[in-house]
Amino acid sequence: MSNIVLFGVGGGADTACRYFTKDSDHQVVAYTLDADRRDRSVHNGCPVVDFETVQDSYPPDEYKMFILLSFDGMNELRIKKYEQARAKGYSFVSYVASNISRLEELQVGQNCFILENQTLNFDVKIGDNVVMWSGNHVGDRSTIGDHVWISSQVAIGGDVTIGTSCFIGMHATIGHGVSIGDMNFIGAGSLITKNTKNDAVYVQPSTKALQMDSKDFARII
């Protein structure tokens with residue numbers, strides 16, 4: 001068990017706190033935030049301290065850290081704070097839901113947040129600072145690079161490589177043996193069957209609205 005400091009006091013930190021509290025042996029003991037954004041000294045009953053001096057109150061040889069920030073800017077802020085905390089000497093815990101079906105120990109890096117109902121096949125490797133929301137499938141021998149954000153209900157085939165700092169939206173599908181370049185944005189519902197280049201963007205168009213209102217349509221069907 002580790003005593004952990006969570007970065008932030010927003011929705012991500014609150015979500016992380018609930019999962020750590022209900023489904024891990026780790027204990028949240030404090031929060032930290034950039035001094036110019038800190039608007040409180042207590043959050044969820046725990047102290048909130050300036051990130052610039054967090055190591056003075058919670059030294060990295062005694063406490064670990066966890067950072068759950070969004071995928072905005074291709075995960076840029078989460079990467080920045082992760083690297084700043086690491087430079088201070090912190091190591092990081094990961095949260096992996098206890099109800100994930102596993103026949104072997106999972107290969108998961110640090111500062112990962114992997115929620116419930118994943119299907120992770122044999123020899124899947126997950127890097128550092130990765131977020132996987134609930135209900136994804138990852139096939140045998142696939143590798144997910146550092147700083148990736150995977151939304152819900154994503155299907156990833158076997159022998160797939162996901163590059164660093166990618167975002168993969170809900171219900172996207174990546175075929176067997178495909179290599180995804182670094183910093184790819186793969187939008188919801190996209191189908192990727194060939195290798196991609198770095199910085200690529202794949203976005204499916206929204207479903208078009210019919211030129212009738214819902215009551216008229218209901219009468220037809």
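Every number in this text was worked out from the coordinates using simple rules, so none of it is lab data. Predicted model, so just to flag it, every value in this text is computed and none were measured. Please note: Cβ atoms are built from the backbone with ideal geometry, for glycine as well, and neighbour counts cover all protein chains shown.
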**OP:** For the chain, find the longest principal axis of its Cα atoms and tell me its angle to the long axis of helix 11-23, 0 to 90°, nearest 10.
**Re:** 80 degrees
Original post:
Arranged by the count of other C-beta atoms within 10 angstrom, fewest first, what order do 19, 31 take?
Top reply: 19, 31
Original post:
Looking only at 54, 148, 93, which one moves most when the chain is put into a Gaussian network model with springs between Cα atoms under 10 Å?
Top reply: 54
Original post:
How big is region 3-87 by Rg and Dmax over its Cα atoms, in Å?
Top reply: 12.1, 32
**OP:** Quick one: Debye curve from the alpha-carbon atoms of the chain only, equal weights, vacuum; give me log10 I(q)/I(0) at q = 0.12, 0.16, 0.17 Å⁻¹ to two decimals.
**Re:** -0.68, -1.04, -1.13
**OP:** Figure the gain on full extension for residue 152 and residue 44 (residue separation times 0.36 nm, minus the Cα-Cα span) and round it to one decimal in nm.
**Re:** 36.1 nm
Original post:
Size of the dipole of the chain about the Cα centre, Lys and Arg at +1 and Asp and Glu at -1 on the beta carbon, nothing else charged, in debye to 20?
Top reply: 600 debye
Subject >> Calculated log₁₀ intensity ratio I(q)/I(0) where the Debye formula runs over C-alpha points of region 90-136, q = 0.13 Å⁻¹ >> reply: -0.25
**OP:** Identify, among 58, 153, 91, the residue whose Cα sits farthest towards the positive end of the charge dipole of the chain, taking +1 on the Cβ of Lys and Arg and -1 on the Cβ of Asp and Glu, with the dipole about the Cα centre.
**Re:** 153
Original post:
Going by average Cβ neighbours within 10 Å, how do the peptides 35-43, 8-16 rank, with the highest at the top?
Top reply: 8-16, 35-43
Original post:
Just from its helices, what would the mean residue ellipticity at 222 nm be for the chain, if runs of 4 or more DSSP H residues each count -39500 (n - 2.57) and the sum is divided by every residue, rounded to the nearest 500 deg cm²/dmol?
Top reply: -5500 deg cm²/dmol
Subject >> Highest-first arrangement of 71-79, 83-91, 211-219, 112-120, where packing means the average Cβ count within 10 Å >> reply: 112-120, 71-79, 83-91, 211-219
